[in-house]
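The values are calculated or read from the model by the stated rules, or taken from the named source; none is laboratory data. None of the values given here were measured: they were computed from a predicted structure. We place every Cβ from the backbone using ideal geometry, glycine too, and count neighbours over all the protein chains shown. We work out accessible area using only protein heavy atoms, side chains counted, and drop any ligands, DNA or RNA first. Shrake-Rupley method; radii C 1.70, N 1.55, O 1.52, S 1.80 Å.
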Amino acid sequence: MPPKYYSDDTAWADVTPLPQDEGGPHPLAAINYTEEYSEAMSYLRALMAANEFSARALSLTEHIISMNPAHYTVWLYRAKVLEQTGGDLREEIEWLNPTALQHLKNYQIWHHRQTIIDKLGSPEGEADFISTMLEQDTKNYHVWSYRQWLVKRFGIFDEKELKWTEGMIEEDVRNNSAWNHRYYIVVGGRDGEAVSKDIITREIDYAEAAIRKAPQNQSPWNYLRGIVRYAKLPDSTLKDFALEFADLEKPDDVYSSHALDLLADIYAEEDGKKEEAKKALDLLATKYDPIKANYWNYRKGLLDQAEVAA
Amino acid sequence: MAPAGGSVAGDQSTLNYARHINYWRRNLKTFLPHHYTGNDSNRMTFALFILSALDLLGDLQAALSAEERQGYIEWVYHCQLPEGCFRATPGTDFGSSRNAENKIWDPAHVPGTYFALLILALLGDDLKRVKRREILLWLTKVQRPDGSFGETVGENGQVEGGNDPRFGYMGTGIRWILRGHAEGPVDGVPDIDVDSFVECVRRSETYDGGITEAAFHEAHAGFAACAINALYFVNRLPLPSTPSQTSDSRPRGVSNLPLTLHWLASRQTLTLEHEDAMDTLGYETDTSAACHDSHSFVKLKSYPSTAGVQSFQDLPKSQSELQWVGLNGRCNKIADTCYAFWVSTPLKLLGHLDLVDIKPIRRWLLDRTQHMVGGFGKLPGDPPDIYHSYLGLMVLAIFGEAGLKDVDPALCMSNRVKEHLESLPWRREIVGN
């Protein structure tokens with residue numbers, strides 16, 4: 001698209017642009033703006049200063065956003081223009097879709113979308129759009145945060161949402177965003193109501209099955225331990241499972257550093273098993289997870305301190 | 001992992017001071033290229049990064065004439081609003097057309113105000129022209145009832161901006177700059193609600209020990225650092241757990257320190273480039289000896305094929321892999337220069353920087369993401385940008401890199417600047433000596 005200039009456009013002839021004032025000869029972080037951006041910003045200032053809420057104001061915000069989506073008042077101004085001119089909110093979403101795809105890392109877009117969808121009062125079409133976004137980046141933080149908002153706003157902590165999340169985990173068992181979303185669906189939507197024993201068992205089984213697929217994947221281990229902690233079960237509940245992947249009797253046959261980590265915690269709590277806990281931590285520090293050696297050695301030090309204190 | 005350029009140990013890993021100084025002086029003295037237009041609204045932030053980088057490198061005095069120094073100070077004051085606080089960019093300034101009806105489009109901005117105050121301190125200003133009382137009053141209005149902070153205050157007192165712990169970090173940072181750790185009203189200006197802010201951080205702790213932007217969102221190192229920095233600014237980090245120490249009644253965060261330390265230490269990763277993130281489930285080479293955090297790490301069959309053995313022999317052994325260790329921002333993500341800062345800072349503030357091995361992290365930054373023209377890129381081979389270049393330099397300073405100034409990790413500035421702030425007479429009156 002060729003650059004758009006307002007000074008050549010008769011529809012804007014009544015507007016006196018407000019040029020940017022840097023306040024002196026020594027601006028900081030000054031940017032070599034394109035002529036197009038400089039001019040558009042001058043017209044934006046003029047319209048904002050006049051509190052003009054009009055169709056042309058809407059198109060000007062669109063132009064600015066295409067060049068600088070992080071402008072913090074242009075979005076608020078746009079929302080106000082939409083409100084004052086009775087703009088079609090469905091059309092707004094239609095425009096936001098490609099804009100979000102162009103600016104994957106921008107979060108103002110999502111905040112704005114949230115405001116619009118909230119007003120529309122329906123999540124219709126949102127799931128499809130989220131899928132399109134996740135095709136670009138399956139771990140896009142803003143998209144997952146937005147999905148959580150949708151789930152909460154429309155009370156859809158349901159079986160369908162859980163199935164969708166399972167699909168995302170199946171596609172990539174290492175997608176931590178998807179695991180986190182599962183935790184939100186299972187634990188987050190309950191308004192203080194406890195998760196039933198059956199669901200806790202189901203979640204433990206689910207995480208364990210995922211670990212058996214890829215034992216060195218942190219995400220389901222974190223999830224598993226998070227669920228166990230939430231249910232206030234002791235870590236020792238998971239001892240037999242951990243032993244499937246790491247047995248201190250067979251130190252050359254370890255399938256997962258996370259199993260050793262868990263075993264170290266379990267043995268630290270068991271009477272007379274401090275040496276086993278230290279052995280697990282030693283294996284981690286020296287062989288199975290040496291990049292975190294400092295951390296494992298620190299944990300070993302804590303065991304010694306506990307001994308002294310006892 | 002890509003083969004090293006004939007390097008074994010880290011002796012040749014050096015910070016190229018001259019190139020970094022060139023890079024930052026260029027950012028200071030010439031216009032930033034137009035692809036920074038998307039950061040037009042972050043100009044105050046970038047201004048601080050540029051000046052502070054030169055300060056860390058010990059080049060600030062040499063880089064600035066007295067006239068330039070004063071000119072920059074005036075530029076910052078030019079961004080002060082008539083009602084107090086700062087805009088983040090001259091781009092929203094309506095000049096003489098600004099009035100009560102249109103000023104909502106040119107609002108006081110939390111990051112703009114935080115970085116404006118830091119720039120003034122960095123340049124040796126006494127902040128006497130800053131409308132400090134107005135800022136402190138406004139801070140109470142940009143805090144939401146749930147304890148979190150927004151970015152601006154909009155129409156009808158509505159707090160605008162997303163759920164973003166960066167605003168809590170900078171909001172509490174502004175408070176620290178203007179009134180230290182003093183709690184309660186100062187000079188008749190009410191305090192922010194510190195307790196509800198701490199509760200807000202605690203609600204944002206995740207099941208794996210990380211911290212996120214709001215309850216149940218995914219743990220993220222940037223947000224964890226902002227939260228922990230903010231707790232430091234309001235003096236609500238966990239008390240050291242000595243047997244004689246009894247806890248006080250004030251809410252503190254984080255609520256499960258051992259788990260948070262586990263999560264922070266787990267940000268160390270060997271996934272430094274996109275190809276490192278390949279899942280090797282089912283590959284014969286996928287064993288603990290070639291341990292790679294992104295690998296599936298299955299047991300090698302008892303009788304591997306010759307091909308399997310050979311390809312395994314070509315893989316780096318864990319000892320040599322440890323030459324470089326990166327830090328990521330989330331579980332199962334690639335390392336990124338800025339996360340070296342976002343992970344190391346909270347560890348340092350919690351008194352546990354020794355939980356990570358800074359030597360291979362330093363080598364990763366210097367050998368892989370440091371750029372030959374100066375500055376740092378996000379990933380190996382990426383061109384430098386202001387954001388990654390500043391945080392890369394800052395984290396090396398936190399590690400104690402020789403030749404860089406001592407720094408305060410929470411303020412993200414040199415201690416010289418912090419000491420200047422602490423020496424200001426008006427501040428000493430509020431904070432005490």
remark   = A:Gly272: passes all of (1) more than 14 Å from every other protein chain (Cβ to nearest Cβ); (2) outside any loop (DSSP other than H, G, I, E, B); (3) small (Gly, Ala, Ser) but (2)
key: Residue among A:Thr138, A:Thr165 that is touching a His at 6+ places or on another chain (Cβ under 6 Å), of a type outside the set (Gly, Ala, Ser) and either closer than 22 Å to A:Ile200 by Cβ or modelled with pLDDT of 95 or more (or both)   = A:Thr165
inquiry  = I'd like to know if the range B:26-48 contains one or more residues that are aliphatic (A, V, I, L, M), surrounded by fewer than 23 Cβ atoms within 10 Å (Cβ to Cβ) and more than 14 Å from every other protein chain (Cβ to nearest Cβ).
reply    = no
task = Could you pull out the residue among A:Tyr230, A:Tyr255 that is within 19 Å of B:Thr269 (Cα to Cα) and either touching a Phe, Trp or Tyr at 6+ places or on another chain (Cβ under 8 Å) or not acidic (Asp, Glu) (or both)?
result = A:Tyr255
key: Criterion (more than 13 Å from chain B (Cβ to nearest Cβ), part of a helix (DSSP H, G or I) and within 29 Å of the chain's Cα centre (by Cα)) met by exactly one of A:Leu224, A:Leu238   = A:Leu238
key: Residues within the range B:90-128 that are among the hydrophobic types (A, V, I, L, M, F, W, C), open to solvent by 10 Å² or more (accessible area, probe 1.4 Å) and within 25 Å of the chain's Cα centre (by Cα), tallied   = 2
inquiry  = I'd like to check which helices (runs of 4 or more DSSP H) are fully inside the range B:194-270 and have at least 3 residues that are more than 8 Å from chain A (Cβ to nearest Cβ) and within 18 Å of the chain's Cα centre (by Cα).
reply    = B:221-233, B:257-265
key: Pick from the range A:127-141, criterion within 14 Å of A:Ile109 (Cα to Cα) and not polar (S, T, N, Q), ranking: farthest from the chain's Cα centre (by Cα)   = A:Phe129
query = Looking at this structure, is B:Pro165 open to solvent by 10 Å² or more (accessible area, probe 1.4 Å), on the phi < 0 side of the Ramachandran plot and either of a type in the set (A, V, I, L, M) or within 13 Å of chain A (Cβ to nearest Cβ) (or both)?
reply = yes
task = State the number of residues belonging to the range B:367-396 that are open to solvent by 10 Å² or more (accessible area, probe 1.4 Å) and assigned to a helix (DSSP H, G or I).
result = 4
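Can you find, within the range A:1-55, the residue that is nearest to the other protein chains (Cβ to nearest Cβ) among those that are among the β-branched types (Val, Ile, Thr) and open to solvent by 40 Å² or more (accessible area, probe 1.4 Å)? Before the answer, list the steps.
Filtering the range A:1-55 for residues among the β-branched types (Val, Ile, Thr) gives A:10, A:15-16, A:31, A:34.
If we keep only those that are open to solvent by 40 Å² or more (accessible area, probe 1.4 Å) too, we end up with A:10, A:16, A:34.
Details: A:Thr10: 23, A:Thr16: 10, A:Thr34: 5 Å.
By that ranking, first place goes to A:Thr34.
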request  = Please work out which one of (1) part of a helix (DSSP H, G or I); (2) surrounded by fewer than 16 Cβ atoms within 10 Å (Cβ to Cβ) is the condition A:Lys250 fails and give its number.
outcome  = (1)
task = Could you list all residues from the range A:211-237 that are modelled with pLDDT of 95 or more and more than 15 Å from B:Asp208 (Cβ to Cβ)?
result = A:Ala231, A:Lys232, A:Leu233, A:Pro234, A:Ser236, A:Thr237
key: Single unsatisfied condition, A:Leu104 versus (1) more than 8 Å from chain B (Cβ to nearest Cβ); (2) surrounded by 15 or more Cβ atoms within 10 Å (Cβ to Cβ); (3) within 24 Å of B:Leu32 (Cβ to Cβ)   = (2)
